[in-house]
Amino acid sequence: MIDLTTTYLGLPLKSPIVASASPLCESLVNIRHLEDAGVGAVVLPSLFEEQLDLESQRVDSDLFRGSESFAESLDYLPDMHTYNLGADGYLELIRKARQRVSIPVIASLNGVSPGGWARYAGLIEQAGADAIELNIYAIITDPNILGADVERNYCDLVRQVKANVSIPVAVKCSHSFSAFANMGKQLDAAGANGLVVFNRFYQPDFDIESLEVVPSLTLSRPQELLLRLHWVAILYGWVRADLAVTGGVHSAQDVLKSMMAGANVAMMTSALLQNGIDHATLVLKDLVCWMEVHEYESIRQMRGSMSQRSVSDPTAFERGNYMRVLSSYVVRHTG
Ligand SMILES: Cc1cc2nc3c(=O)[nH]c(=O)nc-3n(C[C@H](O)[C@H](O)[C@H](O)COP(=O)(O)O)c2cc1C
């Protein structure tokens, strides 16, 4: 009997596939379906700092955003009262999901600035969430802000949310740091129980007819996994926090690679949106088949086996790889 169980944020999970935050996890019907399809946990779609500020009418001025610009900036946002059920509806979703499914329910808070809104984490805990995923989605456009200040701000935010709850807190990270390995360690030291690697940043597109900047969302491709594997493999063994891969997990092979890099769980959204929730069942079947053929008994057994610490050539994750990759390209057409 193949053992697919894992632990994530100290929670026992029946399988290493987690449905990451998306509108798919916004309805109870889907959350139950995801549990039946075999996923180990669900992350609810994010509740935004802007929604919570709006709710409390408390606007903290901070490093990233002056309070006077906040009201103005809200004009550009979708209707934040009703987005993702709104703050009260969100707590209700947590309560109901907690009653109806036995897999862990992880709530998601999306913010950038330490402020009064982070107290909402306490309400999320009271509503019954098993953990919180903190999505720090900051795009620093001000050229006067230093990277070190951004890093400090991230850690302050983690400490603030942690101070409000006793449930575990994972941080969904950006990969845009000069030294991500060190950032991972800083977040770990700030108390993050998990690092979710990585946030997918959505760049706006240009409409060249109307000369407008337009939002653009494309689902992920499996190639996006490589960036995540790279950094999980590097972080493994350096941080106490559990590691989760998000971005480009579509198949059983992608889940296997994530585990071998050192992740506790592999998160999925695009593949489930594209193929339907039952895709998770197929991936789990493929996973078991592969493990039987390759004589693995458990997911735990393979965890970290391809991390930088475990492989025979650790330079494969470093600068040496760059030179090897470039020199491996064979030019066939010279024009
Ligand atoms: C339509 C859509 C909505 C999403 N909403 C959220 C969200 O509310 N909060 C969040 O942290 N991530 C959100 N994500 C990002 C996903 O959780 C996930 O990290 C990302 O899609 C990469 O994983 P994938 O390759 O499996 O799709 C969303 C993604 C999509 C496609």
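The values are calculated or read from the model by the stated rules, or taken from the named source; none is laboratory data. Everything numeric here is computed off the predicted structure, so don't read it as measured data. FYI the Cβ positions are ideal-geometry reconstructions off the backbone, even for glycines, and counts take in every protein chain you see.
Only one of these is assigned to a helix (DSSP H, G or I) and among the hydroxyl-bearing types (Ser, Thr, Tyr): THR315, THR334. Name it.
Values: THR334 fails: assigned to a helix (DSSP H, G or I).
Among THR315, THR334, only THR315 is assigned to a helix (DSSP H, G or I) and among the hydroxyl-bearing types (Ser, Thr, Tyr).
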Could you check how many residues of segment 116-133 are within 13 Å of LEU44 (Cβ to Cβ) and not β-branched (Val, Ile, Thr)?
-> 6
Residue by residue through segment 109-138, note down the ones that are under 17 Å from LEU187 (Cα atoms) and not aliphatic (A, V, I, L, M).
-> ASN110, GLY111, SER113, PRO114, GLU133, ASN135, TYR137
Of all residues making up segment 169-215, the number that are touching a residue at least 40 places away in the same chain (Cβ under 8 Å) and hydroxyl-bearing (Ser, Thr, Tyr) = 0
Looking at (1) surrounded by fewer than 16 Cβ atoms within 10 Å (Cβ to Cβ); (2) among the basic types (Lys, Arg); (3) at pLDDT 65 or above, can you tell me which one ARG58 breaks?
-> (3)
With respect to ALA118, is the statement that it is among the small types (Gly, Ala, Ser), at pLDDT below 95 and either at negative phi or under 22 Å from the mean Cα position of the chain (by Cα) (or both) true?
-> yes
For segment 1-54, enumerate the residues that are of a type in the set (A, V, I, L, M, F, W, C), part of a helix (DSSP H, G or I) and either closer than 18 Å to LEU93 by Cα or at pLDDT below 95 (or both).
-> LEU24, CYS25, LEU28, VAL29, ILE31, LEU34, LEU52, LEU54
Take ILE139 and decide whether it is touching a residue at least 60 places away in the same chain (Cβ under 8 Å) and either assigned to a loop (DSSP other than H, G, I, E, B) or among the β-branched types (Val, Ile, Thr) (or both).
-> yes
Scan segment 282-323 for residues that are in contact with a helix residue (DSSP H, G or I) (Cβ under 8 Å, 6 or more places away or on another chain) and either loosely packed, with under 12 Cβ neighbours inside 10 Å or more than 18 Å from SER258 (Cα to Cα) (or both) and report the count.
-> 2
Return the residue satisfying two criteria in turn: it lies in segment 184-198 and is among the aliphatic types (A, V, I, L, M) and buried (at least 17 other Cβ atoms within 10 Å of the Cβ), and of such residues it is farthest from the ligand (Cβ to nearest atom).
-> ALA190
Considering residues that are over 22 Å from VAL265 (Cβ atoms), more than 16 Å from the ligand (Cβ to nearest atom) and either among the polar types (S, T, N, Q) or in contact with a strand residue (DSSP E or B) (Cβ under 7 Å, 6 or more places away or on another chain) (or both), the number found within segment 124-159 is 4
Where TRP238 falls short, out of the listed (1) under 18 Å from the mean Cα position of the chain (by Cα); (2) closer than 30 Å to ALA163 by Cβ | (1)
Return the only residue of ALA148, ALA129 being part of a helix (DSSP H, G or I) and either more than 21 Å from VAL101 (Cα to Cα) or in contact (Cβ under 8 Å) with a residue 12 or more places away in the chain (or both).
-> ALA148
Being aromatic (Phe, Trp, Tyr) and modelled with pLDDT under 95, is that true of even one residue in segment 310-320?
-> yes
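Counting just the residues of segment 167-179 that are over 15 Å from the mean Cα position of the chain (by Cα) and not aliphatic (A, V, I, L, M), which one comes out surrounded by the most Cβ atoms within 10 Å (Cβ to Cβ)? Spell out the reasoning first.
If we filter segment 167-179 for residues that are over 15 Å from the mean Cα position of the chain (by Cα), which is where we start, we get 167, 177-179.
Narrowing the set further to residues that are not aliphatic (A, V, I, L, M) leaves 177-178.
Values: PHE177: 16, SER178: 9.
Going through the qualifying residues, I end up with PHE177.
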Exactly one of (1) under 16 Å from GLY111 (Cα atoms); (2) surrounded by fewer than 17 Cβ atoms within 10 Å (Cβ to Cβ) is unmet by ASN153. Its number?
-> (2)
Take the residues of segment 199-234 that are in contact with a strand residue (DSSP E or B) (Cβ under 6 Å, 6 or more places away or on another chain) and at pLDDT 95 or above: which is nearest to the ligand (Cβ to nearest atom)?
-> ARG228
Being touching a residue at least 24 places away in the same chain (Cβ under 8 Å), within 11 Å of the ligand (Cβ to nearest atom) and surrounded by fewer than 24 Cβ atoms within 10 Å (Cβ to Cβ) narrows GLN253, GLN274 down to just GLN274
What are the residues in segment 258-271 that are under 17 Å from VAL197 (Cβ atoms), surrounded by fewer than 24 Cβ atoms within 10 Å (Cβ to Cβ) and either among the basic types (Lys, Arg) or within 15 Å of the ligand (Cβ to nearest atom) (or both), if any?
-> THR269, SER270
